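Okay, so here's the structure we're looking at.
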Amino acid sequence: MVARSITITFDGRRIEEEGISVDGLVGALKSIQDALKLTVGHLGGYQPSQGQPPKWVREQSRLVVRSTRPGSLVAELQLVPTKRSEHQAGELGSRALDALIQWDGSEHSTLPSFVIERLGEIHRSLPPSVDVWLGDEEFSRRVRVNRRVPAKNWEAAKEATLLYGWLNAVNWDRGTAQLHRYRQKFVPLRFDSLMQEQMLTCATQFVEVKGKGRFNNKDQWQYVEVDEISAVGVSNEGFDLESFLGNPNPTIFDPEKIIRASEPFDTEDFMRFIEDVRDDRKG
């Protein structure tokens with residue numbers, strides 16, 4: 001899918017009779033323009049904290065209002081063609097537009113949190129009765145943009161974490177992955193361009209992940225943004241009897257220091273888990 005345009009639809013009980021304010025329309029279109037710009041930068045390795053967007057970000061995220069439709073207010077925004085860009089051959093604009101169109105409307109999604117926050121500001125100057133939808137005419141896709149909390153509240157809700165599990169479903173283009181843990185729901189991961197090589201290196205391995213994320217109301221991870229990741233494996237070195245016997249500080253078994261399970265557990269399940277880990281590492 002290569003997107004060149006995106007539609008924004010305003011629905012409401014009285015839109016056909018009263019329309020929407022110019023301030024509301026301009027603010028909503030500006031939110032989409034900014035969200036596209038942020039997504040282009042994200043795909044190309046630029047982060048908002050780096051200051052003013054570089055020229056290649058601005059060039060590959062320009063939109064024009066191409067047409068409007070009757071009924072509910074619908075505007076088609078078209079990507080402005082650019083000359084061959086020095087940054088990834090000018091394809092970032094289309095890829096970013098694809099990402100916006102394919103967004104599922106949820107907080108746990110393939111879009112970076114700062115893009116979702118900017119999209120949420122579409123409603124800032126619109127009446128509460130107005131619903132906003134993003135879509136694509138060619139593929140007949142449409143997703144509702146929900147009102148969202150301010151960005152500062154999102155940042156305050158993030159918590160530092162240290163997680164272990166198997167790294168799967170690494171998507172280089174979207175900056176997403178999944179951390180699978182034994183008998184638990186997988187944790188959605190997000191990573192920026194600086195982490196791409198390390199994420200691909202660690203793919204399918206048992207890893208340690210350090211980062212920051214947010215919980216949902218069921219006390220489950222909505223997502224974790226990866227700051228550091230490393231493979232945690234078992235050494236392949238053989239047993240060295242001489243080193244073992246010559247160890248000046250050997251580990252001595254002390255039955256009084258055994259940590260015992262506070263509750264009964266299924267030993268067969270436990271042994272099955274150990275065997276699964278061994279099989280994964282052999283594979």
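The values are calculated or read from the model by the stated rules, or taken from the named source; none is laboratory data. Model, not experiment: these values are computed from the prediction. Heads up: the accessible areas ignore ligands, DNA and RNA and are worked out on the full protein's heavy atoms, side chains in. Shrake-Rupley method; radii C 1.70, N 1.55, O 1.52, S 1.80 Å.
Leaving out ligands, DNA and RNA but keeping every protein chain, what accessible area does THR161 have, in Å² rounded to the nearest 10, with a 1.4 Å probe?
20
Among the listed pairs LYS37/LYS185; LYS55/LYS210; LYS30/LYS185; LYS37/LYS158, which have their C-alpha atoms separated by more than 29 angstrom in this model?
Working: LYS37/LYS185 33 Å; LYS55/LYS210 33 Å; LYS30/LYS185 37 Å; LYS37/LYS158 24 Å.
Among LYS37/LYS185; LYS55/LYS210; LYS30/LYS185; LYS37/LYS158, the Cα-Cα distance tops 29 Å for LYS37/LYS185; LYS55/LYS210; LYS30/LYS185.
By accessible area of protein heavy atoms, probe 1.4 Å, what ranking do VAL64, VAL145 get, highest first?
Descending accessible area places them as VAL64, VAL145.
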